[in-house]
1. Which percent of Cα-Cα pairs in the range 10-207 sits in each 10 Å bin, short to long?
2. Near the amide H of residue 321, under 5 Å away, which other amide H atoms are found, from residues 5 or more places off or on another chain, if H is placed in the peptide plane?
3. When the convex hull of the C-alpha atoms of the chain is computed, what volume per residue in Å³ does it have?
4. Roughly how far apart, in whole Å, are the Cα centres of the range 203-276 and the range 71-126?
5. Taking the range 268-345, which GluC sites (Glu not before Pro) meet the DSSP loop condition and have no more than 12 other C-beta atoms within 10 Å?
6. To the nearest 0.05, how large is the calculated FRET efficiency for residue 68 and residue 119 if R₀ is 25 Å and r is the Cβ-Cβ distance?
7. Grab the Cα-Cα distance for residue 19 and residue 85, subtract it from 0.36 nm times how many residues apart they are, and report the gain in nm with one decimal.
8. Taking every alpha carbon pair in the range 217-369, what does the distance histogram look like in 10 angstrom bins from 0, in percent?
Amino acid sequence: MYMMCRNVPYLERVYRNVDAIRKREFKTFYDHLYSADCIIPVGEGRSQCALYIGLGRINKDVKMPDSIDFPGKNMFEAAKVLEKKYKRISLLVNSGSGETTTPKRIVRELSAYIEQTDSKKFTIDAIVSNPDSAIGRVGEKEYGAIIELRGRGREPKTAEEYMKHGIMNDIYELGSLMLIHRIKQAVNSGKSYRDVFRGIQNEFRRISKFVDDFVDSDIYDNLVEAMERRSHVIVGGLGMAKIVALMTVIRLQHVKRSIGDEVYLSGPLAPRPRAGDVLLLISWSGETEPLLSWCKEAKDFGAEVYSIVGRESTLSEKTNSFVMDCEVENFYCYAAFVLSPLPLSVVERLASRGLRLPEYIIGWYHSVTQ
């Protein structure tokens, strides 16, 4: 079987899971989003990151429930305001289990509003891996549309299996990111639901090439070696790059916390870097002033600085940098894929030293960082 990605076999499964989505069910889901004037994305942890990254630059109003301008303290209250401003509103939910606390609560609140007021302006459109879950069952409602997106399907038992099956729910999270990214592209181009899946194999091959080039590079090998050591890691970016950074932080925490270290998102809560710490920066332009300032500070303290950029730039010149030459519209989605093998490679490197981390330990940290 042709493998899209030599170094990260689970990307093949991500592609196959997205391609296996039932197209007849997807049509209704897509039509809801296409016709919506406003989209409200709801998720937790990396599922929320996947939503925000995938929807970036969509030609729709996007209202995030955790933003300061959301018009209500809960979804029931906000719905009264939103339906006065918009003709069609889609609550877009991403939850692999279909049981995530915040999305489940928001779905329940909007369902109650729709059923009490008989409003025809709202739809609840959810991506889940379990259609029989609390969120999945909203597909039985007239206003609901559910897409089943498979996850990894099995739990890895050894370090070698992580690269095949992913840590935690990587396969689902990356699949949902790509699906939403492709939906955004089709909506912005005014195309039909069929265009979401046309050419998707070629897009995955392009991403896989970036992933293979990164994993094969000396930069990647040095980065994994630095993260294997007893050191703190700080990951940073601004705007959409900050969400990619957060997604990376959540994943790296699973591993680094298991060995007594910490991973931080750059900002006021991150400590000042120490000698031996690692700073990883994400920027398409590579010219963002705050990132250049963080880079200088980290170097002054003796930290190692790496970056993922979209072009040759000041940041790429000043750091150990991987240049991912692609359009800004694709950069953030692709960067999330390119960075996804990092915690897996750290697990493999630790295992090669004789330190094998059982997934129940990583899973415990996952439960307290989501």
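Read-outs throughout are calculated quantities, based only on the coordinates presented, and are distinct from any laboratory measurement. These numbers come from a predicted model, not from an experiment. So basically every Cβ, Gly included, is an ideal-geometry build from the backbone, and we count neighbours across all protein chains shown.
1. Pair shares across the bins are 9, 38, 36, 14, 3, 0.
2. 307
3. 134
4. Here the two parts' Cα centres lie 34 Å apart.
5. Numbers: sites: 287, 297, 304, 312, 317, 327, 329; in loops: 287, 312, 327.
The qualifying sites are 312, 327.
6. Computed FRET efficiency for residue 68 and residue 119: 0.50.
7. Fully extending the segment from residue 19 to residue 85 adds 20.2 nm.
8. 12, 44, 35, 10, 0
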